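Input: a single structure, listed below in structure tokens.
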DNA sequence: ACCGTATGCCAACACCTGTTGACACGCCAG
DNA sequence: CTGGCGTGTCAACAGGTGTTGGCATACGGT
């Protein structure tokens with residue numbers, strides 16, 4: 001068994017946290033390859049070699065920095081007519097409150113490991129949430145995939161590529177437009 | 001005036017084309033930073049310095065390789081009820097027949113210039129197409145942006161991140177699910 | 001046949017990258 | 001007080017990057 005959580009607080013915990021914070025910022029702003037360990041270390045005001053000691057490698061650092069929980073609400077407690085609206089609002093909040101998702105999305109375009117993690121998050125977490133309410137199990141994966149496609153497209157155009165009309169839309173209007181789409185992907189049928 | 005098109009075919013045109021083809025492949029597969037000039041030159045079976053002579057710099061090469069025309073159909077000739085379906089089918093074809101778009105999307109996540117070009121393509125070309133049929137000019141930019149968000153999300157999950165359920169969907173089913181979404185973004189109203 | 005020029009290769013540059021090992025300081029248990 | 005260990009810095013390595021200039025060669029017009 002790997003001894004996680006001996007709970008003994010180490011003096012270096014603050015440094016570890018600073019590194020992680022700087023890493024998330026840099027990965028979110030620059031993507032995986034342009035976010036250099038040296039720049040991250042400089043932001044955290046320590047030597048680059050510390051990053052290696054605490055996280056092993058750049059890949060290890062990214063893996064630690066890209067840990068993420070969508071914190072999806074319990075969809076069984078949401079009125080079935082408001083699923084889309086609720087999810088879109090939740091994703092907007094989650095996206096704007098934590099730059100980890102932006103880091104993950106930026107990196108996922110070029111880094112296979114990041115793409116892997118992205119797949120995992122949206123397949124596992126979103127897939128599980130979609131499976132909680134009673135749609136045909138045969139189609140849940142597809143429905144979750146379609147939701148992911150719309151949500152990620154929204155995130156891509158709003159936070160990464162920054163298409164002006166999408167950036168300019170207030171959250172409420174985004175919910176108004178995209179909510180029904182998500183609703184249909186979850187509970188509707190094609191064509 | 002810059003003398004474009006003296007129409008005199010140069011002996012090096014084949015080389016130029018080979019470089020461009022290799023560049024599109026590499027940019028599409030690896031993104032901007034990981035696609036190295038050396039690797040592109042090796043694919044094209046020439047010396048890296050030739051790339052510099054013909055395209056000036058890596059940025060110049062990318063700019064040439066990322067030239068792209070969506071070739072959107074004339075939307076005024078499409079029955080207004082089939083706009084969504086038509087557009088989705090067109091985008092799927094365009095995306096699968098030319099890796100330039102994939103290169104552009106991969107690069108747009110990390111390279112500001114690529115993001116710029118992406119914005120240009122979807123604002124100018126898609127925006128113009130959406131403007132051709134008579135919706136309120138006030139909302140055309142927003143409608144075009146929403147369409148871009150859904151289409152780019154579909155492309156991201158199908159060709160870049162490769163979410164299994166989206167990859168597995170046959171084109172006809174994609175059209176069946178996403179077509180109505182695009183239709184609503186073009187001709188419908190929120191909420 | 002000749003010569004200029006377009007085409008291509010080679011070697012090198014300056015720089016930046018992730019990563020490593022040796023060395024210094026300071027906290028804390030004994 | 002005195003070790004030992006956790007924390008941090010410094011300098012360097014080996015490799016890869018975009019980019020540059022010089023040199024060979026072969027084409028094409030005269």
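The values are calculated or read from the model by the stated rules, or taken from the named source; none is laboratory data. Only a predicted model underlies this, so the values are computations on that prediction, with no experimental measurement involved. Reconstructed Cβ throughout: ideal geometry from the backbone, glycine too, with neighbour counts over all protein chains shown.
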**Complete:** For helices (runs of 4 or more DSSP H) lying entirely in the stretch A:1-90, having 3 or more residues that are more than 14 Å from DNA strand D (Cβ to nearest atom), under 19 Å from residue A:104 (Cβ atoms) and within 14 Å of chain B (Cβ to nearest Cβ) picks out A:13-34
**Prompt:** Does at least one position in the stretch B:57-69 carry a residue that is under 20 Å from residue B:114 (Cα atoms), assigned by TED's automatic domain parsing to the domain that holds residue B:27 and within 9 Å of DNA strand C (Cβ to nearest atom)?
**Reply:** no
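Yes/no per residue for (1) more than 30 Å from residue A:183 (Cβ to Cβ); (2) in contact with a helix residue (DSSP H, G or I) (Cβ under 6 Å, 6 or more places away or on another chain):
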site	(1), (2)
A:11	yes, no
A:35	yes, yes
A:40	yes, yes
A:68	no, yes
**Message:** Given the condition within 25 Å of residue B:85 (Cβ to Cβ), modelled with pLDDT under 95 and facing chain B (nearest Cβ under 8 Å), answer yes or no: does some residue in the stretch A:170-190 qualify?
**Reply:** yes
**Asked** Does any residue of the stretch A:70-77 turn out to be within 19 Å of residue A:160 (Cα to Cα), modelled with pLDDT of 95 or more and outside the structural domain of residue A:131 (by TED's automatic domain parsing)?
**Response** yes
**Request:** Kindly indicate whether residue A:103 is within 10 Å of chain B (Cβ to nearest Cβ), in contact (Cβ under 8 Å) with a residue 24 or more places away in the chain and buried (at least 23 other Cβ atoms within 10 Å of the Cβ).
**Result:** no
**Request:** For the stretch B:149-169, indicate whether the set of residues that are under 17 Å from residue A:173 (Cβ atoms), facing chain A (nearest Cβ under 7 Å) and without any contact (Cβ under 8 Å) to a residue 40 or more places away in the chain is non-empty.
**Result:** yes
**Complete:** Within the stretch B:119-133, residues being within 20 Å of residue B:76 (Cβ to Cβ) and surrounded by fewer than 17 Cβ atoms within 10 Å (Cβ to Cβ) number 6
**Asked** Out of all the residues in the stretch B:9-21, is one or more at pLDDT 95 or above and within 30 Å of residue B:169 (Cα to Cα)?
**Response** yes
**Prompt:** Just one of the numbered conditions (1) surrounded by fewer than 17 Cβ atoms within 10 Å (Cβ to Cβ); (2) in contact with a helix residue (DSSP H, G or I) (Cβ under 8 Å, 6 or more places away or on another chain) is not true of residue B:111; which one?
**Reply:** (1)
**Fill in**
Residue pairs within 7 Å by beta carbon, gap of at least six or interchain, first lying in the stretch A:25-43 and farther than 14 Å from residue B:31 by Cβ and within 7 Å of DNA strand C (Cβ to nearest atom), second modelled with pLDDT of 95 or more and part of a helix (DSSP H, G or I), listed first then second, are A:37/A:48; A:37/A:51; A:37/A:58; A:38/A:48; A:39/A:26
**Message:** If residue B:181 meets every condition in (1) more than 17 Å from residue A:147 (Cα to Cα); (2) assigned to a helix (DSSP H, G or I) apart from one, which number is that one?
**Reply:** (1)
